[in-house]
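Visitor: After the structure tokens below, expect a handful of questions from me.
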Amino acid sequence: MGIELTYLGHAGFLLDDGRNAVAIDPFLTDNPVAKHKPSEIRCRAIVLTHGHADHFGDTVAIAKANGATVYAAFEITAYLEEQGVSKLEPGNPGGKISADWGWVAFTQAFHSSSYNGRYMGMPTGVVAHLGGVTVYHCGDTTLFSDMKLIGEIYSPDVALIPIGDRFTMGPELATRAAEFIKPKVAVPIHYRTWPLLVQDASGFKPKGVEVKVLEPGETWAYR
């Protein structure tokens with residue numbers, strides 16, 4: 001068993017186990033580094049960490065085109081229902097939702113969450129399990145000590161960790177986060193998209209954790 005992870009750029013990913021695909025934070029339109037168009041995304045589910053436009057992205061269009069189920073904070077799913085998205089699974093930090101392809105769990109994250117001035121609930125990290133692989137997307141967050149506990153509870157194979165600084169952790173704090181979580185592989189995200197963010201991953205050097213740097217549009221197989 002295993003999955004392929006396609007980096008959509010910024011903080012977006014497509015996870016595919018060969019039968020089911022799950023998109024996380026599919027921000028493509030207006031993403032200067034994206035290599036995919038929303039119409040090219042095929043998935044059964046979409047998982048959102050929070051409501052900011054650079055994460056919420058093209059959720060409505062992709063969900064409608066695929067008949068995909070969206071997993072997100074309650075306030076986000078309420079908004080999506082207003083936009084005509086019918087398949088919704090609301091949750092919040094601490095919650096776990098089972099699906100026929102695996103499961104999603106929401107973790108805490110320290111950030112904010114709004115869309116076009118509307119409050120979108122608490123920001124989260126998400127843990128997604130499919131194809132026998134567990135992926136922890138930290139969402140937009142600073143370092144917090146309970147990352148150790150998240151690592152102990154879920155034992156993620158792969159952690160997707162923001163390193164861009166200013167709005168999230170920078171490389172130094174992200175390094176500590178990876179050492180707290182202890183995944184087998186850590187992938188740096190949420191950087192290089194715009195000039196305000198850190199432009200390379202050279203400062204992301206966790207001890208005892210393999211680092212995999214992906215380019216936007218690149219697909220990596222984890223087995």
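Visitor: Considering only residues of region 23-47 that are in contact (Cβ under 8 Å) with a residue 60 or more places away in the chain and under 25 Å from Y119 (Cα atoms), which is farthest from the chain's Cα centre (by Cα)?
Guide: Step one: filter region 23-47 for residues in contact (Cβ under 8 Å) with a residue 60 or more places away in the chain, giving 24-25, 31-36, 47.
Among the residues that remain, those that are also under 25 Å from Y119 (Cα atoms) are: 24-25, 31, 47.
Values: I24: 5, D25: 6, N31: 15, V47: 7 Å.
Filtering region 23-47 for residues that are in contact (Cβ under 8 Å) with a residue 60 or more places away in the chain and under 25 Å from Y119 (Cα atoms), the one farthest from the chain's Cα centre (by Cα) comes out as N31.
Visitor: So which residues in region 183-211 are surrounded by fewer than 18 Cβ atoms within 10 Å (Cβ to Cβ) and either basic (K, R) or farther than 17 Å from G151 by Cα (or both)? Walk me through it before giving the result.
Guide: As a first pass, look at region 183-211 and keep what is surrounded by fewer than 18 Cβ atoms within 10 Å (Cβ to Cβ): 184, 194-196, 199-200, 202-203, 205, 207-208, 210-211.
Correct list: K184, W194, P195, L196, Q199, D200, S202, G203, K205, K207.
Visitor: Within region 36-54, can you find the residues that are within 18 Å of E81 (Cα to Cα), outside any loop (DSSP other than H, G, I, E, B) and not small (G, A, S)?
Guide: Result: I46, V47.
Visitor: Which residue, of F167, F144, F204, is of a type in the set (F, W, Y) and either modelled with pLDDT under 95 or touching a Pro at 6+ places or on another chain (Cβ under 6 Å) (or both)? It would help to see each step written out before you state the result.
Guide: On the way: F167 fails: either modelled with pLDDT under 95 or touching a Pro at 6+ places or on another chain (Cβ under 6 Å) (or both); F144 fails: either modelled with pLDDT under 95 or touching a Pro at 6+ places or on another chain (Cβ under 6 Å) (or both).
None of the other options fit; the residue is F204.
Visitor: Please work out if V33 is surrounded by 22 or more Cβ atoms within 10 Å (Cβ to Cβ) and either assigned to a strand (DSSP E or B) or aliphatic (A, V, I, L, M) (or both).
Guide: Criteria not met by V33.
Visitor: For A178, indicate whether it is of a type in the set (G, A, S), surrounded by 24 or more Cβ atoms within 10 Å (Cβ to Cβ) and within 16 Å of Y222 (Cα to Cα).
Guide: Working: of a type in the set (G, A, S): yes; surrounded by 24 or more Cβ atoms within 10 Å (Cβ to Cβ): yes; within 16 Å of Y222 (Cα to Cα): no.
No; evaluated as a whole, the condition is false for this residue.
Visitor: Hey, does region 94-115 have a residue that's in a strand (DSSP E or B), within 15 Å of the chain's Cα centre (by Cα) and more than 18 Å from T141 (Cα to Cα)?
Guide: Within region 94-115 (the criterion being in a strand (DSSP E or B), within 15 Å of the chain's Cα centre (by Cα) and more than 18 Å from T141 (Cα to Cα)), the answer is yes, since at least one residue qualifies.
Visitor: It is to be established whether one or more residues within region 69-88 are under 22 Å from E218 (Cβ atoms), touching a Ser or Thr at 6+ places or on another chain (Cβ under 8 Å) and surrounded by fewer than 23 Cβ atoms within 10 Å (Cβ to Cβ). Before you say what the answer is, go through the steps one by one.
Guide: Taking region 69-88 first, the residues under 22 Å from E218 (Cβ atoms) are none.
No, there is no match, as no residue in region 69-88 is under 22 Å from E218 (Cβ atoms), touching a Ser or Thr at 6+ places or on another chain (Cβ under 8 Å) and surrounded by fewer than 23 Cβ atoms within 10 Å (Cβ to Cβ).
Visitor: Just give me the residues in region 26-59 being closer than 24 Å to S98 by Cα, out of contact with any Leu (no Cβ under 7 Å at 6 or more places or on another chain) and not hydroxyl-bearing (S, T, Y), in sequence order.
Guide: If the condition is that a residue be closer than 24 Å to S98 by Cα, out of contact with any Leu (no Cβ under 7 Å at 6 or more places or on another chain) and not hydroxyl-bearing (S, T, Y), then R42, R44, A45, I46, V47, L48, H50, G51 are the ones that fit.
Visitor: Please go through region 64-81 and give me each residue that is in a helix (DSSP H, G or I) and either under 16 Å from the mean Cα position of the chain (by Cα) or over 24 Å from N31 (Cβ atoms) (or both), ordered by number.
Guide: Matches in region 64-81: F74, I76, A78, E81.
Visitor: Quick test for you: out of I41, I24, I46, pick the one residue that is touching a strand residue (DSSP E or B) at 6+ places or on another chain (Cβ under 8 Å), buried (at least 22 other Cβ atoms within 10 Å of the Cβ) and over 17 Å from C138 (Cα atoms). Walk me through how you get there before you give the answer.
Guide: Working: I24 fails: over 17 Å from C138 (Cα atoms); I46 fails: over 17 Å from C138 (Cα atoms).
It is I41.
Visitor: For region 136-154, name all the residues that are surrounded by fewer than 18 Cβ atoms within 10 Å (Cβ to Cβ) and either assigned to a helix (DSSP H, G or I) or of a type in the set (S, T, N, Q) (or both).
Guide: Of everything in region 136-154, those that are surrounded by fewer than 18 Cβ atoms within 10 Å (Cβ to Cβ) and either assigned to a helix (DSSP H, G or I) or of a type in the set (S, T, N, Q) (or both) turn out to be T142, S145, K148, L149, E152, I153.
Visitor: So which pairs qualify, if the first residue must be in region 113-127 and surrounded by fewer than 21 Cβ atoms within 10 Å (Cβ to Cβ), the second must be assigned to a strand (DSSP E or B), the Cβ gap must be under 7 Å, and the two must be at least 6 apart or on different chains?
Guide: Filtered contacts from region 113-127: M122/A73.
Visitor: Also, quick follow-up: Take the conditions on the phi > 0 side of the Ramachandran plot and not charged (D, E, K, R) and apply them to G91. Does it pass?
Guide: Numbers: on the phi > 0 side of the Ramachandran plot: no; not charged (D, E, K, R): yes.
Spelling it out, it is not the case that G91 is on the phi > 0 side of the Ramachandran plot and not charged (D, E, K, R).
The values are calculated or read from the model by the stated rules, or taken from the named source; none is laboratory data. Fair warning: this is a prediction, and the values are worked out from it, not measured in the lab. Because the Cβ atoms are built from the backbone with ideal geometry, glycine has one as well, and the counts that use them run over all protein chains shown.
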